[in-house]
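Asker: Before we start, here is the structure in question, set down as structure tokens.
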Amino acid sequence: MVRVLTLMTLVAGTAACGDPCGESGTTCTLLGTGQAGGNPDETDASESLLYGPMDVELGGEQAGTFFVADWNNHQIKRVIDGQVEIVVGTHFLGDGDPDFNERIAPGVPGDQVALNHPTQLEWNPVTGRLLLPSWHNHRVREWDPATGNSLVVAADTDPNDGNGANAGFAGDGGPAADALMAFPNSIAIDPSDGSFWLLAQRNGRIRKVAADFSLIETMAGNGEEGYAGDGGAALDASFHFWDYTDLQPEPAGAVAHDGDGHLYIADTCNHAIRVIDLQAGTIDTVAGTGEHRGPPGSPCDPDQLCFPHDVEVGPDGLLYIADTGNHRVRALDPVTGELTEIAGTGVPADGADGVLATETALDRPYGVDVADDGTVYIADTYNHRIRMVIP
């Protein structure tokens, strides 16, 4: 079944796609050509290359502005009216600026900051800044559009450690600047005050960080790999964001807040979406069984979630999921558990623009975001594109 959203207004930047964006329920490419690579001096979104984009995030004063975590180009890109600019990142991978000044307020220009495989992004509407969990750098950065500066806001960043933060787990009960984390992958904002929840993938935990970064505390997860804890305290729960024996994992796990006291978790390797009741401090599963149906290596069950890598709460209250293993974006009703197809055919391919979203093939989409008018943005990762589904 295909959900048809009511067309309200097309977001700014749509015209850059040309005619394929003109029909309700269809897809078009907003950024990328389908070819993997990098041409950092190209400013036209229709000609700019991506290399495994992991996430797309709406944010900024102008409607339709979005950011992209360009994984293998080690850059954060911003697109406004079809024009692309690199806001954080250089032409090389690394961890910050050569002089370590990114660790001292007000930070340094983002184009002086080297990154190492950025994964997910989150726009903070309270502060008007972009939060960047730097996965391979084991820290959290904040980018300020007013100054263009990037500043490290969470992680132990003693310059004596060299150009890289220590990976580990420490610091609960103290300032975020003194904390250790391992592979932070996703952030969800508390719209009431700008504080945020941080999913640290290798730690198997979700932590809460104060808006002024003065405090970090664990609020879910016991650090053990598994699938347990439903119906009980979130602090006692276990997640499966990767096999800890795998020395070269891929990014996994995501969090999203519904603004009404619930934190949703894409428990990737448990093939499940879980929810924390923030007032009660308890956890449950809203979709998935914790198991991949079929023997190891078998195709995904299209009736179940398969390695979901991202979850976002839409304006309609539905959960929009990057169902990566099924090569689809789906919407989940958290009350009834009903899954609805939004985009993708279930078969990995580089689908054509201008056709129904459910007839447009995707290839391992890792990221998704939803605008206030219901427009769905997709990081079509293995197709090296950012796509949009017209409501």
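The values are calculated or read from the model by the stated rules, or taken from the named source; none is laboratory data. Remember, it's a predicted structure, so these values are computed and weren't measured experimentally. As a convention, Cβ positions derive from the backbone with ideal geometry for all residues, glycine included, and neighbour counts pool all protein chains shown. Heads up: the accessible areas ignore ligands, DNA and RNA and are worked out on the full protein's heavy atoms, side chains in. Shrake-Rupley method; radii C 1.70, N 1.55, O 1.52, S 1.80 Å.
Asker: What are the pairs with Cβ atoms under 8 angstrom where one residue, in the range 106-121, is within 15 Å of Ser134 (Cβ to Cβ) and the other, located anywhere, is aromatic (Phe, Trp, Tyr) and open to solvent by 20 Å² or more (accessible area, probe 1.4 Å)? Sequence gap at least six, or different chains.
Answerer: Partner pairs satisfying both residue conditions: Ala114/Phe92; His117/Trp71; Pro118/Trp71; Thr119/Trp71.
Asker: I would also like to ask the following. Look at the range 364-383 and say how many of its residues are touching a strand residue (DSSP E or B) at 6+ places or on another chain (Cβ under 7 Å) and open to solvent by 30 Å² or more (accessible area, probe 1.4 Å).
Answerer: 0
Asker: Is at least one residue of the range 87-98 in a strand (DSSP E or B) and within 24 Å of Val126 (Cα to Cα)?
Answerer: yes
Asker: Given (1) closer than 24 Å to Leu305 by Cβ; (2) buried (at least 22 other Cβ atoms within 10 Å of the Cβ); (3) not aromatic (Phe, Trp, Tyr), where does His240 come up short, assuming only one miss?
Answerer: Just one mismatch for His240, condition (2).
Asker: Quick one: Asp144 ticks every box in (1) more than 21 Å from Lys77 (Cα to Cα); (2) of a type in the set (D, E, K, R); (3) in contact with a strand residue (DSSP E or B) (Cβ under 8 Å, 6 or more places away or on another chain) except a single one, so which number is it?
Answerer: (1)
Asker: In the set Ala105, Ala45, Ala63, Ala36, which member is touching a helix residue (DSSP H, G or I) at 6+ places or on another chain (Cβ under 6 Å) and not charged (D, E, K, R)?
Answerer: Result of the check over Ala105, Ala45, Ala63, Ala36: Ala45.
Asker: Name the single residue that is farthest from the chain's Cα centre (by Cα) among those in the range 119-139 being within 17 Å of Val68 (Cβ to Cβ) and among the polar types (S, T, N, Q).
Answerer: Applying the filter and picking the extreme gives Ser134.
Quick grid of which residues meet (1) open to solvent by 60 Å² or more (accessible area, probe 1.4 Å); (2) modelled with pLDDT under 95; (3) under 26 Å from His138 (Cβ atoms); (4) not hydroxyl-bearing (Ser, Thr, Tyr):
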position	(1), (2), (3), (4)
Met8	yes, yes, no, yes
Leu31	no, no, no, yes
Leu50	no, no, yes, yes
His74	no, no, yes, yes
Val79	no, no, no, yes
Gln83	yes, no, no, yes
Pro98	yes, yes, yes, yes
Asp111	yes, no, yes, yes
Asn116	no, yes, yes, yes
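Asker: Looking only at the range 85-96, how many residues end up being of a type in the set (Gly, Ala, Ser) and at pLDDT 95 or above?
Answerer: Summing the residues that are of a type in the set (Gly, Ala, Ser) and at pLDDT 95 or above in the range 85-96 gives 1.
Asker: Quick check: anything in the range 248-270 of a type outside the set (D, E, K, R), more than 21 Å from the chain's Cα centre (by Cα) and open to solvent by 70 Å² or more (accessible area, probe 1.4 Å)?
Answerer: no
Asker: A further question on this structure: Identify the residue in the range 346-372 that is outside any loop (DSSP other than H, G, I, E, B) and closer than 11 Å to Met388 by Cα and, among all such residues, is farthest from the chain's Cα centre (by Cα).
Answerer: Ala357
Asker: Of all residues in the range 85-96, which are open to solvent by 80 Å² or more (accessible area, probe 1.4 Å) and either among the polar types (S, T, N, Q) or without any contact (Cβ under 8 Å) to a residue 24 or more places away in the chain (or both)?
Answerer: Of everything in the range 85-96, just one residue is open to solvent by 80 Å² or more (accessible area, probe 1.4 Å) and either among the polar types (S, T, N, Q) or without any contact (Cβ under 8 Å) to a residue 24 or more places away in the chain (or both), namely Phe92.
Asker: Residues of the range 323-353 being of a type in the set (Asp, Glu) and open to solvent by 10 Å² or more (accessible area, probe 1.4 Å), which ones?
Answerer: Of everything in the range 323-353, those that are of a type in the set (Asp, Glu) and open to solvent by 10 Å² or more (accessible area, probe 1.4 Å) turn out to be Asp333, Glu338, Glu341, Asp350, Asp353.
Asker: Can you give me the number of residues within the range 312-322 that are hydrophobic (A, V, I, L, M, F, W, C) and open to solvent by 10 Å² or more (accessible area, probe 1.4 Å)?
Answerer: Number satisfying all stated conditions: 2.
Asker: What is the one condition in (1) open to solvent by 50 Å² or more (accessible area, probe 1.4 Å); (2) out of contact with any Gly (no Cβ under 6 Å at 6 or more places or on another chain) that Gly168 does not satisfy?
Answerer: (1)
Asker: Where in the range 157-269 are there strands (runs of 3 or more DSSP E), lying fully within it, with 3 or more residues that are modelled with pLDDT of 95 or more and charged (D, E, K, R)?
Answerer: 205-209
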